[in-house]
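Only one structure is covered here, and it is reproduced in the block below.
The values are calculated or read from the model by the stated rules, or taken from the named source; none is laboratory data. Everything numeric in this text was worked out from a predicted model, so none of it was measured. Neighbour counts run over all protein chains shown; Cβ positions are idealised from the backbone, glycine included. Keep in mind that these areas ignore ligands, DNA and RNA; they rest on the heavy atoms of the full protein, side chains included. Shrake-Rupley method; radii C 1.70, N 1.55, O 1.52, S 1.80 Å.
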Amino acid sequence: MKKNILNIVLIILVFGLSFTFFPFSPAAEQIDLPRVEAMPNEPSPYVLRDWKKTGRDYIHFSLDETKQGEHLPLMQWLNESNGWKMFFLPSYVGLKEPKTEAINAMALVASGALLGLDMTDFNGTDFVKLTSDYFYCPSEGMYSNDQGGCGTPEFWYKILPNLLFYQISDLHPQRHDLKTKVLRIADQLHQASLSLGGSKEPWAIPEYEHWSFDFAKMESRNDRAWKEAGSAGAFAWMSYMAFSAGGEPKHLDTADWAMEYLSRRDISKNPLYEIMLRYAPITAARMNAELGRNYDLHKMLLWCTGVSDGRYGWGVISDAPWGDYDCDGLAGSTTDTNGYAFTMNTFQAASTSVPVVRYDQRYARTIGKWMLNLINAARLFYANGLPGDLQDNQAWCDAYDPNYCVAYEGLRKHAIENNAKRPYATGDAIRNGLPNNIGLYGSSHVGFLAALVEPTNVEKILQLDCLATDFYHKPAYPTYLYYNPFDDTKTVKIDLGASSFDLYDSVTHTFIARNVSNAYEFKMAPDEAMILVLTPPEGKVSYQKNKLLIDEVVIDYRNEGKQSGAKAFDDDME
């Protein structure tokens, strides 16, 4: 014991560093993403919206049948005969057409669950059960966006309802009937992949360069000039999640085909289009970490933070401020009115990106920086984020949405009719004859962002939950991403409550503290990120190839060559 104490003292004297923060091994190399680097470290003006309150307010507001006023209540019931009913949630405020989109209603159910609301008994209704109403296409074995959605819609409209259903299933593991459907949908994805040219013996990669796919006829559709090869990202994610849930080898084959397709694809042919490709990086990161694959995660992140070659201008906003506001990090079009970001796409971009760092901490800094910009700018989707002359429908929001929890469909760099109005909260509904550009179909995805975000004691240093949207993940301890955007060291507090934890930073591969509880302070170097894993105190350390485990739970998937450092800390603390 005396020898161990002397060793610790010697280390402190030699390096002149606090014992708690001494990195026993080199920190993980940090890899930049160019469009993120073009964003400011400190977005300005900076306002952190209370995202969890916004999300919960939205769920309650949109499902409140007692609301009175223009275009209210938002939710209505359809087809109540014979004891069956379906809830109608308009895509835009003021839309009276009696149909509801799955990408709206199913996203709302997922958001509620992500925010801790019981969507199996919300206002006395099992909204999880009601999502089965979107299983419009039994001949295809798939969920659909609406009643007319069998066979014909473009790829992302066809796939996204099924992807949302997967997430609802994972958020309700007690509902075994949902898991059964997940595996059946994965079977359809496998059959579709075979039809697209996939083969196991000999190994052959499907071709996803199509406008859509008819799952009843098992044939590709090319009804329009554009292609949506980003569907491979959704095929991969859904199939790997099904494999994680059920262990079927054919589902892993489907995921491998799709990941290999994207890894082989020329980097100059970015297939980003709407949502589906955004599920490729998290799938690549997980398969690389969990299975030892070597899929091109960096290329997929470049695509998802860049500008598409498949849909003109589609990508992530990264340019000078829009008027007086930094709007970097939002997702949508970089060219429509010189920039047109969408609520749904932005919320989904956040949810798919934060979990990546659990599996590959080399992207902790760049994703932390991107999220700081995105989370700050996303407040501008809401009526209380901008002055009245920079939005379409402030009067309705002031009168009927006192918590300002329903968002606009999107945010333009400037108003279409007035280039001086920058930025401008708006949408496409009014131009198409509807009375309002407040868009529920985007607002309903709020939980995918809100579940990630907590403030810390330091403004602009956020605590991002890396597990919240890491669906179907293996057993894991609480894991948080932090990014310090400042040019000086900051002291950050984490509230651990009464329980005790050891704190492991996977960026430096170091335990920074042992057996701590309540409000614990740690230091963050300038322009650097940390990923803190809250592990059980005095847990048993073990290794599996490149993985570091505590009590048989992985806390570091890229610990190659770093074992001596973590073990040294562990030995010296005994």
(request) Working carefully through the options Asp392, Asp470, find the one that is farther than 20 Å from Pro321 by Cα, among the acidic types (Asp, Glu) and open to solvent by 10 Å² or more (accessible area, probe 1.4 Å). (result) Asp392
(message) Given the criteria farther than 22 Å from His210 by Cβ, open to solvent by 10 Å² or more (accessible area, probe 1.4 Å) and among the basic types (Lys, Arg), does Arg264 qualify?
(response) no
(request) Find the residue count for the range 210-248, including only residues that are in a helix (DSSP H, G or I), surrounded by 24 or more Cβ atoms within 10 Å (Cβ to Cβ) and either among the aromatic types (Phe, Trp, Tyr) or without any contact (Cβ under 8 Å) to a residue 24 or more places away in the chain (or both). (result) 3
(message) Just checking, does the range 539-551 include any residue being β-branched (Val, Ile, Thr), open to solvent by less than 30 Å² (accessible area, probe 1.4 Å), in contact with a helix residue (DSSP H, G or I) (Cβ under 6 Å, 6 or more places away or on another chain) and under 14 Å from Ala28 (Cα atoms)?
(response) no
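What number of residues within the range 400-434 satisfy the criterion of being small (Gly, Ala, Ser), open to solvent by 10 Å² or more (accessible area, probe 1.4 Å) and over 15 Å from Thr337 (Cβ atoms)?
The total comes to 1.
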(request) Please indicate, with yes or no, whether at least one residue in the range 292-307 is under 25 Å from Trp51 (Cβ atoms), open to solvent by less than 10 Å² (accessible area, probe 1.4 Å) and either touching a strand residue (DSSP E or B) at 6+ places or on another chain (Cβ under 9 Å) or of a type in the set (Phe, Trp, Tyr) (or both). (result) yes
(message) Take the residues in the range 552-566 that are modelled with pLDDT under 95 and out of contact with any helix residue (DSSP H, G or I) (no Cβ under 8 Å at 6 or more places or on another chain); name whichever of them is most open to solvent (accessible area, probe 1.4 Å).
(response) Ser564
(request) Kindly indicate whether Asp428 is in contact with a helix residue (DSSP H, G or I) (Cβ under 6 Å, 6 or more places away or on another chain) and charged (D, E, K, R). (result) no
(message) Among the residues of the range 83-111, what is the count of those that are under 16 Å from Lys67 (Cβ atoms), open to solvent by 30 Å² or more (accessible area, probe 1.4 Å) and either modelled with pLDDT under 90 or within 21 Å of the chain's Cα centre (by Cα) (or both)?
(response) 1
(request) Need at least 2 residues that are in contact with an Asp or Glu (Cβ under 9 Å, 6 or more places away or on another chain) and closer than 16 Å to Tyr92 by Cβ per element, so show me which helices (runs of 4 or more DSSP H) inside the range 350-435 make the cut, counting only ones lying wholly within it. (result) 394-400
(message) Give me the residue from the range 117-144 that is open to solvent by 60 Å² or more (accessible area, probe 1.4 Å) and of a type in the set (D, E, K, R) and, out of that set, nearest to Leu183 (Cα to Cα).
(response) Lys129
(message) Arg278 - would you say it is buried (at least 24 other Cβ atoms within 10 Å of the Cβ), outside any loop (DSSP other than H, G, I, E, B) and in contact with a Ser or Thr (Cβ under 7 Å, 6 or more places away or on another chain)?
(response) yes
(message) Just the residues that are free of Cβ contacts under 8 Å to residues at least 40 places away in the same chain and either open to solvent by 50 Å² or more (accessible area, probe 1.4 Å) or among the charged types (D, E, K, R) (or both), please, taken from the range 512-534.
(response) Asn515, Asn518, Ala519, Glu521
(message) I'm trying to understand the selection: among the residues of the range 320-358, which are among the hydrophobic types (A, V, I, L, M, F, W, C) and within 17 Å of Ala407 (Cα to Cα)?
(response) Cys327, Leu330, Ala331, Ala341, Phe342, Met344, Phe347, Ala349, Ala350
(request) Identify, by number, the condition in (1) open to solvent by 10 Å² or more (accessible area, probe 1.4 Å); (2) free of Cβ contacts under 8 Å to residues at least 60 places away in the same chain; (3) closer than 20 Å to Lys96 by Cβ that Cys397 doesn't meet. (result) (1)
(message) Looking only at the range 176-186, count every residue that is open to solvent by 50 Å² or more (accessible area, probe 1.4 Å) and either more than 16 Å from Pro138 (Cβ to Cβ) or aromatic (Phe, Trp, Tyr) (or both) and tell me the total.
(response) 2
(message) Looking at (1) within 28 Å of Ala364 (Cβ to Cβ); (2) buried (at least 18 other Cβ atoms within 10 Å of the Cβ), which one does Trp257 not meet, given that it meets all the others?
(response) (1)
